[in-house]
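These notes concern the structure reproduced below.
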(Lines give C-alpha, C1' and ligand atoms only; values in the text may rest on other atoms or scores of the structure.)
Protein backbone atom coordinates (compact mmCIF):
# COMPACT_ATOMS: atom_id res chain seq x y z
CA UNK A 1 0.00 0.00 0.00
CA UNK A 2 1.23 3.51 -0.78
CA UNK A 3 1.96 5.58 2.35
CA UNK A 4 0.05 8.67 3.46
CA UNK A 5 1.86 11.67 1.92
CA UNK A 6 2.75 14.27 4.57
CA UNK A 7 3.76 17.78 3.50
CA UNK A 8 5.95 20.60 4.79
CA UNK A 9 3.99 23.83 4.23
CA UNK A 10 5.37 26.94 2.53
CA UNK A 11 4.71 30.27 4.33
CA UNK A 12 4.10 33.65 2.74
CA UNK A 13 4.65 37.02 4.40
CA UNK A 14 2.01 39.55 3.38
CA UNK A 15 1.31 43.24 4.02
CA UNK A 16 -1.91 42.15 5.79
CA UNK A 17 -0.54 39.06 7.61
CA UNK A 18 -0.16 38.40 11.34
CA UNK A 19 1.37 35.83 13.71
CA UNK A 20 -1.54 33.48 14.41
CA UNK A 21 -0.19 30.75 12.15
CA UNK A 22 2.52 30.58 14.82
CA UNK A 23 0.48 31.17 17.98
CA UNK A 24 -2.67 29.23 17.02
CA UNK A 25 -1.24 26.50 14.79
CA UNK A 26 2.27 26.09 16.19
CA UNK A 27 3.98 26.57 12.83
CA UNK A 28 7.54 27.92 12.71
CA UNK A 29 6.63 31.09 10.81
CA UNK A 30 9.12 33.45 9.12
CA UNK A 31 7.87 36.67 10.76
CA UNK A 32 5.10 38.69 12.38
CA UNK A 33 3.37 39.38 9.05
CA UNK A 34 2.87 35.79 7.92
CA UNK A 35 -0.38 35.77 5.98
CA UNK A 36 -0.51 32.35 4.32
CA UNK A 37 0.37 28.73 4.98
CA UNK A 38 0.35 26.80 1.68
CA UNK A 39 -0.45 23.47 3.32
CA UNK A 40 -0.92 21.37 0.17
CA UNK A 41 0.70 23.06 -2.80
CA UNK A 42 2.53 22.15 -5.99
CA UNK A 43 2.54 25.69 -7.39
CA UNK A 44 5.81 27.20 -8.71
CA UNK A 45 5.39 30.09 -6.21
CA UNK A 46 5.23 27.63 -3.31
CA UNK A 47 5.98 23.95 -3.93
CA UNK A 48 5.66 21.90 -0.71
CA UNK A 49 8.39 19.46 0.16
CA UNK A 50 7.29 15.91 0.96
CA UNK A 51 7.97 15.01 4.61
CA UNK A 52 8.05 11.20 4.10
CA UNK A 53 11.50 9.57 4.13
CA UNK A 54 10.60 7.41 1.12
CA UNK A 55 10.15 10.55 -1.01
CA UNK A 56 12.95 12.53 0.62
CA UNK A 57 13.98 15.65 -1.27
CA UNK A 58 10.95 15.60 -3.56
CA UNK A 59 8.34 18.32 -3.88
CA UNK A 60 4.65 17.74 -4.50
CA UNK A 61 4.98 18.82 -8.15
CA UNK A 62 7.81 16.30 -8.66
CA UNK A 63 5.75 13.57 -7.00
CA UNK A 64 2.84 14.41 -9.35
CA UNK A 65 5.16 14.13 -12.37
CA UNK A 66 7.09 11.03 -11.33
CA UNK A 67 4.44 9.00 -9.50
CA UNK A 68 1.12 9.62 -11.29
CA UNK A 69 -0.19 6.34 -9.86
CA UNK A 70 -0.39 8.02 -6.43
CA UNK A 71 -2.98 10.43 -7.88
CA UNK A 72 -5.09 7.94 -9.82
CA UNK A 73 -3.17 8.61 -13.07
CA UNK A 74 -5.27 11.72 -13.58
CA UNK A 75 -4.87 13.74 -16.76
CA UNK A 76 -3.29 17.15 -16.39
CA UNK A 77 0.15 18.68 -16.40
CA UNK A 78 -0.01 19.81 -12.77
CA UNK A 79 -1.48 18.92 -9.39
CA UNK A 80 -4.97 20.46 -9.63
CA UNK A 81 -5.60 21.96 -6.17
CA UNK A 82 -3.98 24.28 -3.64
CA UNK A 83 -4.93 24.31 0.07
CA UNK A 84 -4.05 27.33 2.21
CA UNK A 85 -4.64 28.64 5.71
CA UNK A 86 -4.95 32.43 5.66
CA UNK A 87 -4.39 34.69 8.69
CA UNK A 88 -5.69 38.17 7.93
CA UNK A 89 -4.53 40.60 10.62
CA UNK A 90 -5.57 43.43 8.29
CA UNK A 91 -8.05 43.63 5.39
CA UNK A 92 -7.05 41.99 2.12
CA UNK A 93 -7.47 43.95 -1.10
CA UNK A 94 -10.83 43.94 -2.89
CA UNK A 95 -10.16 41.42 -5.64
CA UNK A 96 -11.54 39.09 -8.29
CA UNK A 97 -10.27 35.99 -10.11
CA UNK A 98 -10.57 35.10 -13.80
CA UNK A 99 -11.92 31.81 -15.16
CA UNK A 100 -9.75 29.22 -16.96
CA UNK A 101 -10.43 30.61 -20.43
CA UNK A 102 -9.51 34.21 -19.54
CA UNK A 103 -6.43 33.17 -17.52
CA UNK A 104 -5.13 30.83 -20.22
CA UNK A 105 -5.36 33.65 -22.76
CA UNK A 106 -4.14 36.55 -20.60
CA UNK A 107 -1.92 34.94 -17.93
CA UNK A 108 0.52 32.72 -19.87
CA UNK A 109 -1.54 29.55 -19.75
CA UNK A 110 -2.35 29.68 -16.03
CA UNK A 111 -5.45 28.06 -14.59
CA UNK A 112 -8.22 30.42 -13.57
CA UNK A 113 -9.16 30.46 -9.92
CA UNK A 114 -12.29 28.99 -8.41
CA UNK A 115 -11.97 28.84 -4.63
CA UNK A 116 -13.91 28.35 -1.43
CA UNK A 117 -13.43 29.44 2.17
CA UNK A 118 -14.06 27.67 5.45
CA UNK A 119 -14.10 30.15 8.34
CA UNK A 120 -11.79 28.74 11.05
CA UNK A 121 -12.14 31.82 13.23
CA UNK A 122 -13.38 35.40 13.00
CA UNK A 123 -14.33 38.30 15.29
CA UNK A 124 -17.89 38.69 16.53
CA UNK A 125 -20.14 40.41 13.98
CA UNK A 126 -17.52 39.83 11.27
CA UNK A 127 -18.28 40.60 7.63
CA UNK A 128 -16.55 39.61 4.42
CA UNK A 129 -16.72 41.24 1.02
CA UNK A 130 -18.63 38.85 -1.25
CA UNK A 131 -20.20 40.33 -4.40
CA UNK A 132 -21.01 43.94 -5.31
CA UNK A 133 -23.99 46.25 -5.82
CA UNK A 134 -23.67 47.25 -9.50
CA UNK A 135 -26.71 46.36 -11.64
CA UNK A 136 -25.03 46.68 -15.07
CA UNK A 137 -21.54 46.46 -16.50
CA UNK A 138 -21.64 50.18 -17.23
CA UNK A 139 -22.54 51.00 -13.63
CA UNK A 140 -19.78 48.65 -12.45
CA UNK A 141 -17.14 50.45 -14.54
CA UNK A 142 -18.38 53.87 -13.36
CA UNK A 143 -18.34 52.87 -9.67
CA UNK A 144 -14.79 51.51 -9.95
CA UNK A 145 -13.35 54.35 -12.04
CA UNK A 146 -14.95 56.99 -9.78
CA UNK A 147 -13.88 55.20 -6.56
CA UNK A 148 -17.44 54.84 -5.21
CA UNK A 149 -16.33 52.01 -2.96
CA UNK A 150 -19.08 52.41 -0.34
CA UNK A 151 -21.73 52.04 -3.03
CA UNK A 152 -19.90 49.28 -4.88
CA UNK A 153 -18.71 46.87 -2.17
CA UNK A 154 -21.16 44.36 -0.69
CA UNK A 155 -20.48 42.97 2.78
CA UNK A 156 -22.00 39.73 4.06
CA UNK A 157 -22.12 38.76 7.75
CA UNK A 158 -20.20 35.60 8.69
CA UNK A 159 -19.40 33.49 11.73
CA UNK A 160 -17.02 30.69 12.65
CA UNK A 161 -17.87 27.52 10.72
CA UNK A 162 -19.39 29.28 7.70
CA UNK A 163 -18.48 28.12 4.20
CA UNK A 164 -18.38 30.33 1.10
CA UNK A 165 -17.89 29.38 -2.55
CA UNK A 166 -16.08 32.06 -4.58
CA UNK A 167 -16.63 31.49 -8.30
CA UNK A 168 -14.48 33.35 -10.86
CA UNK A 169 -15.93 36.81 -11.43
CA UNK A 170 -16.97 37.20 -7.75
CA UNK A 171 -15.70 40.38 -6.07
CA UNK A 172 -14.36 39.29 -2.67
CA UNK A 173 -12.08 40.18 0.22
CA UNK A 174 -11.15 38.65 3.56
CA UNK A 175 -11.37 41.16 6.43
CA UNK A 176 -9.17 41.72 9.45
CA UNK A 177 -9.29 39.13 12.24
CA UNK A 178 -10.47 36.28 10.01
CA UNK A 179 -8.68 32.95 9.74
CA UNK A 180 -9.71 30.84 6.78
CA UNK A 181 -8.95 27.52 5.14
CA UNK A 182 -9.03 28.07 1.39
CA UNK A 183 -9.46 25.26 -1.14
CA UNK A 184 -8.76 26.45 -4.67
CA UNK A 185 -7.56 25.60 -8.14
CA UNK A 186 -3.79 25.47 -8.42
CA UNK A 187 -3.45 29.10 -9.51
CA UNK A 188 -1.96 32.29 -8.14
CA UNK A 189 -3.80 34.78 -10.38
CA UNK A 190 -5.54 37.59 -8.50
CA UNK A 191 -6.77 40.89 -9.90
CA UNK A 192 -6.82 43.71 -7.35
CA UNK A 193 -9.67 46.16 -7.80
CA UNK A 194 -8.91 48.34 -4.74
CA UNK A 195 -6.29 48.20 -1.98
CA UNK A 196 -7.37 50.93 0.49
CA UNK A 197 -4.56 53.14 -0.92
CA UNK A 198 -1.99 51.17 1.10
CA UNK A 199 1.72 51.57 0.44
CA UNK A 200 4.42 48.89 0.28
CA UNK A 201 7.95 50.33 0.41
CA UNK A 202 6.38 53.76 -0.15
CA UNK A 203 4.44 52.73 -3.26
CA UNK A 204 0.87 51.56 -3.82
CA UNK A 205 0.53 47.88 -4.78
CA UNK A 206 -0.32 47.18 -8.40
CA UNK A 207 -4.02 47.26 -9.28
CA UNK A 208 -5.61 45.41 -12.20
CA UNK A 209 -8.64 47.61 -12.81
CA UNK A 210 -9.34 46.93 -16.49
CA UNK A 211 -8.83 43.16 -16.18
CA UNK A 212 -11.11 43.23 -13.12
CA UNK A 213 -13.85 45.04 -15.02
CA UNK A 214 -13.44 42.45 -17.81
CA UNK A 215 -14.04 39.47 -15.54
CA UNK A 216 -16.45 40.63 -12.78
CA UNK A 217 -19.87 38.96 -13.02
CA UNK A 218 -22.78 41.43 -13.18
CA UNK A 219 -25.11 41.26 -11.35
CA UNK A 220 -23.51 39.41 -8.43
CA UNK A 221 -25.24 36.30 -7.11
CA UNK A 222 -27.46 36.86 -4.08
CA UNK A 223 -26.09 37.04 -0.52
CA UNK A 224 -28.29 34.10 0.49
CA UNK A 225 -26.64 31.92 -2.16
CA UNK A 226 -23.14 32.86 -1.00
CA UNK A 227 -22.79 31.68 2.63
CA UNK A 228 -23.51 28.22 4.08
CA UNK A 229 -23.59 27.42 7.84
CA UNK A 230 -21.80 24.14 8.63
CA UNK A 231 -22.03 24.22 12.43
CA UNK A 232 -24.88 21.76 12.94
CA UNK A 233 -23.80 19.01 10.58
CA UNK A 234 -23.75 15.46 11.99
CA UNK A 235 -20.57 14.43 13.81
CA UNK A 236 -18.41 11.42 12.99
CA UNK A 237 -19.19 11.45 9.28
CA UNK A 238 -17.91 13.23 6.18
CA UNK A 239 -20.32 16.02 5.25
CA UNK A 240 -20.03 17.33 1.69
CA UNK A 241 -19.89 21.16 1.63
CA UNK A 242 -19.65 21.61 -2.14
CA UNK A 243 -19.12 19.80 -5.40
CA UNK A 244 -18.17 21.87 -8.45
CA UNK A 245 -16.19 21.30 -11.65
CA UNK A 246 -12.88 21.57 -9.83
CA UNK A 247 -13.27 20.03 -6.37
CA UNK A 248 -15.41 18.36 -3.76
CA UNK A 249 -14.93 19.63 -0.20
CA UNK A 250 -15.93 17.76 2.96
CA UNK A 251 -16.00 18.54 6.69
CA UNK A 252 -15.59 16.08 9.55
CA UNK A 253 -16.00 16.76 13.26
CA UNK A 254 -14.66 13.61 14.91
CA UNK A 255 -15.47 12.63 18.46
CA UNK A 256 -14.36 9.02 18.77
CA UNK A 257 -13.79 6.89 15.67
CA UNK A 258 -14.65 6.76 11.98
CA UNK A 259 -13.81 4.16 9.37
CA UNK A 260 -14.16 4.90 5.67
CA UNK A 261 -12.83 3.85 2.28
CA UNK A 262 -10.51 6.24 0.38
CA UNK A 263 -11.96 5.80 -3.12
CA UNK A 264 -11.03 9.19 -4.69
CA UNK A 265 -8.05 9.62 -7.07
CA UNK A 266 -6.48 11.26 -3.99
CA UNK A 267 -7.85 12.92 -0.84
CA UNK A 268 -6.32 16.09 0.65
CA UNK A 269 -6.79 16.39 4.41
CA UNK A 270 -6.10 19.27 6.81
CA UNK A 271 -6.49 19.05 10.59
CA UNK A 272 -7.94 22.36 11.79
CA UNK A 273 -8.35 21.46 15.45
CA UNK A 274 -7.60 18.71 17.95
CA UNK A 275 -5.50 15.59 17.60
CA UNK A 276 -5.81 11.88 17.04
CA UNK A 277 -4.58 9.11 14.78
CA UNK A 278 -5.03 7.95 11.20
CA UNK A 279 -4.45 4.21 10.82
CA UNK A 280 -2.36 4.40 13.98
CA UNK A 281 -0.21 7.38 12.90
CA UNK A 282 -0.46 10.47 15.11
CA UNK A 283 -1.93 13.61 13.55
CA UNK A 284 -2.64 17.01 15.08
CA UNK A 285 -3.90 20.52 14.40
CA UNK A 286 -1.92 22.05 11.53
CA UNK A 287 -1.06 18.77 9.76
CA UNK A 288 -1.73 18.54 6.03
CA UNK A 289 -1.50 15.24 4.16
CA UNK A 290 -2.76 13.36 1.10
CA UNK A 291 -4.28 9.89 1.03
CA UNK A 292 -3.14 8.48 -2.32
CA UNK A 293 -5.14 6.51 -4.89
CA UNK A 294 -6.09 2.99 -3.83
CA UNK A 295 -5.29 3.71 -0.18
CA UNK A 296 -8.34 1.73 0.87
CA UNK A 297 -9.57 1.48 4.44
CA UNK A 298 -8.97 4.45 6.73
CA UNK A 299 -9.51 4.50 10.49
CA UNK A 300 -9.54 7.89 12.21
CA UNK A 301 -9.74 8.21 15.97
CA UNK A 302 -9.56 11.14 18.38
CA UNK A 303 -11.17 14.55 18.77
CA UNK A 304 -10.53 16.55 15.65
CA UNK A 305 -11.99 18.87 13.05
CA UNK A 306 -10.86 18.17 9.49
CA UNK A 307 -11.52 19.56 6.03
CA UNK A 308 -10.84 17.26 3.07
CA UNK A 309 -10.92 17.79 -0.68
CA UNK A 310 -10.82 15.69 -3.81
CA UNK A 311 -11.33 16.17 -7.54
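The values are calculated or read from the model by the stated rules, or taken from the named source; none is laboratory data. For clarity, every value in this text was computed on a predicted model and none was experimentally measured. Ideal geometry is used to build each Cβ from the backbone, glycine not excepted, and the neighbour counts take in all protein chains shown.
A count restricted to segment 224-238 and to residues that are surrounded by 15 or more Cβ atoms within 10 Å (Cβ to Cβ) and free of Cβ contacts under 8 Å to residues at least 60 places away in the same chain stands at 1. Report whether or not residue 22 is assigned to a loop (DSSP other than H, G, I, E, B), within 27 Å of residue 177 (Cβ to Cβ), out of contact with any helix residue (DSSP H, G or I) (no Cβ under 6 Å at 6 or more places or on another chain) and not assigned by TED's automatic domain parsing to the domain that holds residue 288. In short, no.
Looking across segment 73-88, not a single residue is surrounded by 16 or more Cβ atoms within 10 Å (Cβ to Cβ) and on the phi > 0 side of the Ramachandran plot.
Examine segment 208-223 for a residue that is in a strand (DSSP E or B), farther than 24 Å from residue 120 by Cβ and free of Cβ contacts under 8 Å to residues at least 40 places away in the same chain, and state whether such a residue exists. No; the residues of segment 208-223 include none that is in a strand (DSSP E or B), farther than 24 Å from residue 120 by Cβ and free of Cβ contacts under 8 Å to residues at least 40 places away in the same chain. When 93, 41 are checked against the criterion of being more than 30 Å from residue 218 (Cβ to Cβ), assigned by TED's automatic domain parsing to the domain that holds residue 171 and in contact with a strand residue (DSSP E or B) (Cβ under 9 Å, 6 or more places away or on another chain), 41 stands alone in meeting it.
Looking across segment 284-311 at every residue that is under 18 Å from the mean Cα position of the chain (by Cα) and without any contact (Cβ under 8 Å) to a residue 60 or more places away in the chain, the one that is surrounded by the most Cβ atoms within 10 Å (Cβ to Cβ) is identified as 306.
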